[in-house]
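Input: a single structure, listed below in structure tokens.
Values in this text are rule-based calculations from the coordinates and carry no lab data. Everything numeric in this text was worked out from a predicted model, so none of it was measured. Heads up, the Cβs are rebuilt from the backbone with ideal geometry, glycines too, and the neighbour counts pull from every protein chain shown.
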Amino acid sequence: MALPQIDEANRKKPLCYDSSRKKFIYFDEIAAKKEAIISPSALSRNDQKKLIIERQLAGPDYTTQAMSGAPLKRDDVVKAIRNNEEYGLVTVEAEISYITELLEEIRRSLK
């Protein structure tokens, strides 16, 4: 099975976080088998937030909007995550779900 196709913007975003080394782990490191996959479920809630914040900051600036509410810039989303605001909590859950599925696909392809 082939590795999933990851575009350049997403290659710059970490997929894992090793809390013991305080190191973010990226797709290319996992694909080259230089780093192991660390499941987001193995992280504390604070470490999950660190990972998701780093993913937000590593990508290009953006504007998003919930169905109700004002548009949010990337820095607003990061602030919402840090402050445990509802939009931040939803963002963390969505990103963790995405990362978990992607890591499982990567794991299967590396066997």
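When Rg and the Kirkwood Rh are both derived from Cα coordinates, the Rg/Rh ratio for the stretch 58-111 amounts to 1.11.
Rounded to two decimals, the Cα-based Rg/Rh of the chain, with Kirkwood Rh, is 0.98.
In deg cm²/dmol and to the nearest 500, what is the mean residue ellipticity at 222 nm of the chain if only DSSP H runs of at least 4 residues count, each as -39500 (n - 2.57), divided by the residue total?
On the way: 5 runs with 57 residues, N = 111.
The per-residue figure over the chain is -15500 deg cm²/dmol.
Once the Cβ-Cβ distance of A36 and D7 is raised to the sixth power relative to R0 = 25 Å, the FRET efficiency obtained is 0.60. Modelled label positions at E105 and E29, each set 7 Å beyond Cα in the direction of Cβ, lie 2.2 nm from each other.
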